[in-house]
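Following: one structure in structure tokens, then a few remarks.
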Amino acid sequence: MAERRKTTFEERIEIVDYCLKHQKNYQLAAHTYGVSYQQVYQWTKKFETNGAEGLRDRRGCTKDEVKLTVEEKLKLEIQRIERENERLRAENLFLKKLEEIERRHR
């Protein structure tokens, strides 16, 4: 089994292109580029199904985040910041109460 290595989007396109130019010789492409046979096979199938966009690495992104406009992403970020702000306010109030209780028991 070939040792795993990270590939960029551009490298994946190049590897798939090489594989397709050589009549889908997955073994040759894997050996030439130092990646696994299975990976070349998967990339080629994704390319045939979804085009170049099928080769993008979307780990860490939800499907919804990929399709959002810039304005929608900003609205989501504002909502996230507002939730965090509210949580910090509650934490601050809790700490103030705790300090007040400690002062009373001294």
| field | Percentage relative contact order, the chain, counting C-alpha pairs under 8 Å, at least six apart | value | 20 percent
| note | Looking only at lysines whose Cα falls under 19 Å of Lys21's and that sit 8 or more positions away or on another chain, we get Lys45, Lys46
| request: For the chain, give the percent of accessible area contributed by carbon and sulfur heavy atoms, probe 1.4 Å, rounded to a whole number. | output: 53 percent
| task | Give me the accessible area per residue for the chain, probe 1.4 Å, as a whole number in Å². | result | 86 Å²
| said: Over all directions, how big on average is the projection of the convex hull of the alpha-carbon atoms in the chain, in square nanometres? | reply: 11.7 nm²
| field | Helical contribution to [θ] at 222 nm, DSSP H n ≥ 4, -39,500 (n - 2.57), averaged over the chain, rounded to 500 | value | -23000 deg cm²/dmol
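The values are calculated or read from the model by the stated rules, or taken from the named source; none is laboratory data. Owing to the predicted nature of the structure, the values given are computational and were not obtained by experimental measurement. We work out accessible area using only protein heavy atoms, side chains counted, and drop any ligands, DNA or RNA first. Shrake-Rupley method; radii C 1.70, N 1.55, O 1.52, S 1.80 Å.
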